[in-house]
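Report on the structure given below.
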Amino acid sequence: MNTAASPILLGTWSFSLAAIEAAWPLLGGSKDDLLEALQAACRHADLDPEVDSVGFGGLPDASGRMSLDGGIMLSPLQFAGVCGLRRHLHPVDVARLIMERTEHTLLCGEDADDFADRHGIPSADLIAPEAEAAWKGWRDRGGRDVVDQSTDAGLRNLRPVDPGLGTSAGGRLFRPGDDSETKEGPAPVGHDTIGVLARDAAGTMAAACSTSGLPFKVPGRIGDSPIAGHGFFVEPGVGQATATGTGELISGISASMVAVETLRRGGSLRDAVQETLQRVEDLGDLRPHHQVGIIVMDHEGRFATGGFRPGFLIAVRDAEGGRLLEPDLVLRPQDDGPPESATDGFAKSVPPPSD
Ligand code: GLY
């Protein structure tokens, strides 16, 4: 648990370290600076072709088309999300426009792209060549499930596992959909997102998320990342949270809301993490690929983090510099990561917390 109370940026997964580093100089004293910093962090991840769960580089839907989701939040009266963008690369930029220029809190699909056009946001090619190749591989296998879901080993491969920095995997949390990657059959993939929590010197907090969602998802599928209370939540004077992992589970328990509500009711940061992960456990019927990571910050800038299973890492940038942290709590430390046979490019530079 962090005890510092100075300006700070926190991000989900190790790939967000470069993103929050890029955003750090923007974290000045105004609300505008705070939002700019969040946008810059998410844009950085959106633009990185090595990050296979966000923006350019993210894996497409079953139709081979990208669709991007994201959101931004200052308070329960100042937030917005956007989902299903097919022509604009930076969902958080669009979400901020929705938050500031409309009375609404969520736009979707083609109308959201048109909204971005009307506000002068340039459209872009969203799919990276490697992501397109991964989709073609999946399509050529008949579009069937990319793992043998009848086995736990197969399902474990769907779980996002952070390889840490300095590995050949770069920002890849998932295997790229190449049959040669695993001895166990068609290559597995999973999904995730960048969530960023920011707090400036004045103590103002804000959160944002950006994602390409579940690889090869049913077109139109939306996860937790554009929805306040699910992928992110901010309650001024109380705290904020961002969640990452299996969007359907995060949405099912309103994970970020649960975390902040625990703080509001007088719980500690650790209580907030524990309560959120326990809610996941209590859902029952969980499968080996399910994962939820959570970062919770109180209004003084202290924070705690957790992963339902091993494999989640957190990036921090504050006055002391940038670094990666293991979660404070892993609810199921006994759960294995992906089978060793499937770890090409995924050797962990940071071992799981407790196994
Ligand atoms: N957590 C990102 C998603 O499920 O879309």
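The values are calculated or read from the model by the stated rules, or taken from the named source; none is laboratory data. None of the values given here were measured: they were computed from a predicted structure. Cβ placement follows ideal geometry from the backbone for every residue including glycine, while neighbour counts extend to all protein chains displayed. Note: accessible area is taken over every heavy atom of the protein model, side chains too, but ligands, DNA and RNA are not part of it. Shrake-Rupley method; radii C 1.70, N 1.55, O 1.52, S 1.80 Å.
When you filter the trypsin sites (Lys or Arg not before Pro) in region 52-104 for DSSP loop state and at most 14 other Cβ atoms inside 10 Å of their Cβ, you are left with 65.
Taking all protein chains together, 88, 289 sort by accessible area into 289, 88, largest first [probe 1.4 Å]. With the dipole of region 29-129 worked out from charges on the C-beta (+1 for Lys and Arg, -1 for Asp and Glu) around the Cα centre, which of 112, 47, 129 lies farthest toward the positive end? Value computed over the given set: 112.
The heavy atoms of residue 108 present about 80 square angstrom of accessible area, all protein chains included, probe 1.4 Å.
Taking all protein chains together and rolling a 1.4 Å probe, residue 138 ends up with roughly 30 Å² accessible.
Which of the peptides 313-321, 114-122 is most tightly packed, and how do the rest follow, going by the mean number of other Cβ atoms within 10 Å of each residue?
Details: 313-321: 20.3, 114-122: 14.1.
Output ranking for 313-321, 114-122: 313-321, 114-122.
Shown here for region 43-107: GluC sites (Glu not before Pro) in loop regions (DSSP other than H, G, I, E, B) with at most 10 other Cβ atoms within 10 Å, namely 103.
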